[in-house]
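Here the structure is laid out as structure tokens; the discussion comes afterwards.
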Amino acid sequence: MHLSRLSLANLRNLHPARLAFDPRLNLIVGPNASGKTSLLEAIYLLGRAQSFRTSHPRPLIQSGQSALTVSGCLLVDGREHRLGIGFEGVRRRLRLDGRELDARAELLRLMPVRIIDPTLYDLPETSPHRRRRFLDWGVFYFDPDYLPAWRAYRRALQQRNAALKAGDAEGAALWGQSLGKYGKMVSRSRQRYLQVFAARLAPLAEKLGLGKEAGIRYLPGWRADADLDTVLREDLPRDLRHGCTHSGPHRDDFRIAIEGHDVRQRLSRGQMKLLAHALISIQGTLLERPGILLIDDLASELDQENQALLSELSVQTQEQIFITATRPAALTALTSHPHRMFHVEHGRISPAEP
Ligand SMILES: Nc1ncnc2c1ncn2[C@@H]1O[C@H](COP(=O)(O)OP(=O)(O)OP(=O)(O)O)[C@@H](O)[C@H]1O
Ligand SMILES: [Mg+2]
């Protein structure tokens, strides 16, 4: 699977562009504020229908303009798909092969895209919400039954919370039964995923010099010594007092440890970046088919040895890769592989002469 072409207009500082990409490796070089991250953002928007930098569309639209568009051609198992996304003010429009889409699940399924950027280095220490998002994205591709269970869980949670707020104990108890049923399905899928994930993390973390015996511990969002149905029943009086559901997978979390130590207390900033690469690489190996990997500013915070190590790790995957750097020297280790190079300057993207 790879993105063969991309067109964009009115995205951040970028000039309108039509680009053809290498199926495997694309290197993007330009000074600070030239528009490199914005180009990655364009690719990310196509597959995820939202940015990794903002949850509001307004900052994405070029100053002075009212709408932006990004479209592209995706080759999946030899078949070409046309994808498009537009924002007009806050209104989002998604298109796939000439059809207008209401929801983004179909796009997500077709074009799995991930980014490694500085916000990811904080994953072990940031809010549980972001770790759950990381987890959900991976499990979505890993387990085809996950999305319906997750949606049913979310619905039951909303309904139970509405009943709790209204002081409707009977309604809350009834929705609690659905919550328990789907909650256990969601939790089982997440656990299975993390088990496979952890088995792959240990050897990779060791290879990256982070230490032996890396592991991931799943932390369910309810008392570990009790069944979710029981907990929901027992919680009911307290939940009614507060008007919200205290227990369930919407409170799930996970911890990463190396040699028995929580990585939050153990790793340096550079090592956190290596760990982030490891996590995202493993996510890639657990997709149905290779996806698209965006790496923003590969070189920053890493010494030369680790830059080379990560460069090698990245090209070993079967994924289509887009890597940015402020200096061409940071990408030297990669230029021995077949690639296409792009220069970005003041928002203008130009392919380098072969
Ligand atoms: N809506 C917008 N309209 C116009 N320009 C914008 C908009 N949003 C951001 N910019 C500008 O776009 C420029 C490019 O930003 P971008 O983050 O893509 O740069 P970059 O090449 O990744 O830089 P760095 O190397 O510092 O990470 C910045 O100067 C930014 O201020
Ligand atoms: Mg940038």
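The values are calculated or read from the model by the stated rules, or taken from the named source; none is laboratory data. Just so it is clear, the model here is predicted, and its values are computed rather than measured. Here Cβ is always computed from backbone atoms with ideal geometry, including for glycine, and neighbour counts include all displayed protein chains. What goes into the accessible areas is simple: the full protein's heavy atoms, side chains included, and nothing from ligands, DNA or RNA. Shrake-Rupley method; radii C 1.70, N 1.55, O 1.52, S 1.80 Å.
The set of residues in region 20-48 that are hydrophobic (A, V, I, L, M, F, W, C) and buried (at least 20 other Cβ atoms within 10 Å of the Cβ) comprises PHE21, LEU25, LEU27, ILE28, VAL29, LEU39, LEU40, ALA42, ILE43, LEU45, LEU46.
Among the numbered criteria (1) modelled with pLDDT of 95 or more; (2) exposed (fewer than 11 other Cβ atoms within 10 Å of the Cβ), which single criterion is violated by GLY78? Condition not satisfied by GLY78: (1).
Based on this model, can you work out whether TYR146 counts as buried (at least 19 other Cβ atoms within 10 Å of the Cβ) and under 19 Å from the mean Cα position of the chain (by Cα)?
The answer is yes for TYR146.
You will find that of GLN177, GLN159, GLN195, the residue that is open to solvent by 50 Å² or more (accessible area, probe 1.4 Å), closer than 12 Å to THR245 by Cα and out of contact with any Pro (no Cβ under 9 Å at 6 or more places or on another chain) is GLN159 and no other. Inclusion of LEU74 among residues that are out of contact with any Lys or Arg (no Cβ under 7 Å at 6 or more places or on another chain), within 16 Å of ligand 1 (Cβ to nearest atom), touching a residue at least 60 places away in the same chain (Cβ under 8 Å) and farther than 30 Å from ALA329 by Cβ is not warranted. Only one residue in GLU213, GLU206 is touching a helix residue (DSSP H, G or I) at 6+ places or on another chain (Cβ under 8 Å) and of a type in the set (Asp, Glu). Which one? Residue meeting the stated conditions: GLU213.
Pick out the one residue from ASP117, ASP136 that is surrounded by 14 or more Cβ atoms within 10 Å (Cβ to Cβ), within 23 Å of SER268 (Cβ to Cβ) and of a type in the set (D, E, K, R). Steps first, please.
Working: ASP136 fails: within 23 Å of SER268 (Cβ to Cβ).
Selected residue: ASP117, the only one of ASP117, ASP136 that is surrounded by 14 or more Cβ atoms within 10 Å (Cβ to Cβ), within 23 Å of SER268 (Cβ to Cβ) and of a type in the set (D, E, K, R).
Give the number of residues within region 95-114 that are of a type outside the set (D, E, K, R) and crowded, with 19+ Cβ neighbours inside 10 Å. Looking only at that region, the number is 4. Can you pull out the residues in region 333-346 that are surrounded by fewer than 13 Cβ atoms within 10 Å (Cβ to Cβ), touching a residue at least 40 places away in the same chain (Cβ under 8 Å) and away from ligand 1 (no atom under 15 Å from the Cβ)? Passing the criteria: only PRO338. The set of residues in region 81-94 that are within 25 Å of PRO23 (Cβ to Cβ) and either among the polar types (S, T, N, Q) or open to solvent by less than 50 Å² (accessible area, probe 1.4 Å) (or both) comprises HIS81, LEU83, GLY84, ILE85, LEU94.
Output the residue which, of all residues in region 30-60 that are within 11 Å of ligand 1 (Cβ to nearest atom) and in contact with a Lys or Arg (Cβ under 7 Å, 6 or more places away or on another chain), is modelled with the lowest pLDDT. Restricting to residues being within 11 Å of ligand 1 (Cβ to nearest atom) and in contact with a Lys or Arg (Cβ under 7 Å, 6 or more places away or on another chain), the top hit is PRO57. Out of curiosity, is ARG255 open to solvent by 20 Å² or more (accessible area, probe 1.4 Å) and under 30 Å from ALA172 (Cα atoms)? It is false that ARG255 is open to solvent by 20 Å² or more (accessible area, probe 1.4 Å) and under 30 Å from ALA172 (Cα atoms). Name the residues in region 207-235 that are open to solvent by 90 Å² or more (accessible area, probe 1.4 Å) and not basic (Lys, Arg), would you? Residues satisfying the conditions are GLU213, ALA224, ASP225, GLU234.
Where strands (runs of 3 or more DSSP E) fall entirely within region 264-354, those with at least 1 residues that are among the hydroxyl-bearing types (Ser, Thr, Tyr), assigned by TED's automatic domain parsing to the domain that holds LEU14 and within 16 Å of ligand 2 (Cβ to nearest atom) are at 320-325. Filtering region 43-98 to residues that are under 18 Å from the mean Cα position of the chain (by Cα) and among the aromatic types (Phe, Trp, Tyr) leaves TYR44, PHE52. Considering region 299-332, and only residues there that are aliphatic (A, V, I, L, M) and open to solvent by 50 Å² or more (accessible area, probe 1.4 Å), the residue that is farthest from ALA33 (Cα to Cα) turns out to be LEU309.
Of all residues in region 277-298, which are surrounded by fewer than 20 Cβ atoms within 10 Å (Cβ to Cβ) and among the hydrophobic types (A, V, I, L, M, F, W, C)? Answer for region 277-298, where residues must be surrounded by fewer than 20 Cβ atoms within 10 Å (Cβ to Cβ) and among the hydrophobic types (A, V, I, L, M, F, W, C): ILE282, LEU286, LEU287.
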